[in-house]
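Beneath this line is the structure, given in structure tokens, with notes to follow.
What follows is calculated from the coordinates using simple rules that are stated; it is not laboratory data. Computed from a predicted structure; not experimentally measured. For neighbour counting, all protein chains shown are included, and Cβ atoms are generated from backbone atoms with ideal geometry for every residue, glycine included.
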Amino acid sequence: MVAAKANMIQQFNMRNLAILTNLGAEVHVAADFENFGTVDDQTNCQLIMDLTEMGIVLHQINFYRGLGRLMVNYQVMTQLRRLIGENQYDLIHVHSPIGAALTRLASWGTGCPVIYTAHGFHFFRGGPLKNWLVFPIEWFLAWLTQHLLVINHTDEAVSRFLPVQRVTYLPSIGAPVQRSLAVLPVTRLSIRKRMRACLDLTSDDFAIIQVGEFSTRKNQATLLQAVHALSNPQIKIFFAGVGAAEATTKRLVTELGLSQQVTFLGYQANLQDLHYAADMIVMPSLREGFGMGGFNALIDGVYMIGAKGTGMADYLIDEKLGQLINPLDVMALADAIKRVRDKRLQPALNEYTEFLMQFDESRVDTIMTGIYRRYLKGDKVGMNQ
């Protein structure tokens, strides 16, 4: 299995790795474990230990996140090409745009089938014209892809224009829907009281959370500007994540005079308790394959505001669950926050249980098991990169 950064393995692929090992495959993981992405040092170290205990062979690849470093990309392709040649893999499963692109090029002519999980195409109907400039690249790489996995219906529609051999729609990467919905209300309330005390929240405070890396794509700026426009000191924001744009986000907090209303929690490995403490989650991403951070909060009972034109549209199908807004419309978001706060809205989970269960991890795992069985041969060697 290949991903440019190790966090893609930790956050999205541990169940896939378990499936492969349970099928008896010898599994290799190639990723950058040194510049590991949007987790903390402790989580990355734990990931390495967990993978080692699973008997998985690890390969350090010095990926550069972006297409601009030609020499680095050439060196990475050479390294990947050598790995593929030496190990004669039966299957390569790739993730992340740069990791998937370079691995597919490196596999060219080897005869090894490649599965690519697209965690949200850059190009989509109604998206910026500049995003479509990468479509010819993806179209070419599709010739080197035996199986494309898409995690939202918009990408599924776009995939019809790609010359890939096989396409499968996955209802997300899978979430613990059944387990989350089974938590008793009294348990949620007990944890909520404890967590809100830890976060120094009063009963009158309205807590908004946003989960994910700090980046232009995640668009923390719109949330900050919306809360600034509301001029209500009882509205508190809690950011859970790390990323390159964290310093820029902190400067904006200071510029907007929101220092007393915004808390930076850093990377959080366990978010469920934070979900119970929250009154709302806001995910104004400019691009999102599915928005797993938002969905996990939703099934824990947190009302959600998501972004139009993203994978979040697959599950925010009714305002009883959440709302979709233009992620660049500050006042639309401000109005939505005010409405949710004033009405104390909560998602109608009981009414939509059957709908939400399609995204349960058990269903996704069943689909992935069938896909892996299709490609694994007798000696069962797979590079899950």
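For the range 275-286, putting each phi into the Karplus relation 6.51 cos²θ - 1.76 cosθ + 1.60 with θ = phi - 60° gives couplings of 4, 5, 7, 7, 9, 5, 10, 10, 10, x, 5, 7 Hz, in residue order, rounded to whole numbers and with x for Gly and Pro. Going by neighbour counts of Cβ atoms within 10 Å, the residues VAL29, VAL340 line up, fewest first, as VAL340, VAL29. About its Cα centre, the range 271-385 has a charge dipole of approximately 300 debye under the convention of +1 per Lys or Arg Cβ and -1 per Asp or Glu Cβ, with nothing else charged. Note on the chain: dipole from Cβ charges, positive end direction compared against PRO233, GLY85, ASN44; the farthest Cα belongs to GLY85.
Per-residue Karplus couplings for the range 32-43, computed as 6.51 cos²θ - 1.76 cosθ + 1.60 with θ equal to phi - 60°, are listed in order as 8, 8, 8, 9, 8, x, 8, 10, 9, 4, 4, 5 Hz, Gly and Pro entered as x.
In summary, the aspartates and glutamates within cross-link reach of LYS320, defined as a Cα separation below 16 angstrom excluding same-chain residues under 8 places away, comprise ASP279, ASP300, ASP342, GLU351, GLU354. Placing unit charges on the Cβ atoms of the charged side chains and taking the dipole of the range 177-356 about its Cα centre, the candidate lying farthest along the positive direction among THR248, LEU286, THR216 is THR248. Between PHE140 and ASP329, the modelled label-to-label distance comes to 3.8 nm, taking each label 7 Å out from Cα in the direction of the beta carbon. Counting every C-alpha pair in the chain, the share spaced more than 33 angstrom apart comes to 31%.
Per-residue ellipticity at 222 nm computed for the chain from its helices equals -12000 deg cm²/dmol, with DSSP H segments shorter than 4 residues left out and the rest contributing -39,500 (n - 2.57). Computed from the C-beta positions of LYS343 and GLN88, the FRET efficiency with R₀ = 45 Å rounds to 0.15.
Going by neighbour counts of Cβ atoms within 10 Å, the residues THR202, THR249 line up, fewest first, as THR202, THR249. Could you sort out which of LYS5/LYS218; LYS5/LYS308; LYS218/LYS308; LYS193/LYS236; LYS193/LYS218 sit more than 23 Å apart by Cα distance in this structure? Violating the 23 Å limit, Cα to Cα: LYS5/LYS308; LYS193/LYS218. Candidates MET8, THR145, HIS119 compared by Cα position along the dipole of the chain: farthest toward the positive end lies THR145, with charges placed on Cβ. On a per residue basis, the convex hull of the C-alpha atoms belonging to the range 177-356 measures out at 107 Å³. The magnitude of the dipole of the chain, with charges of +1 and -1 set on the Cβ of Lys/Arg and Asp/Glu and taken from the Cα centre, is near 480 debye.
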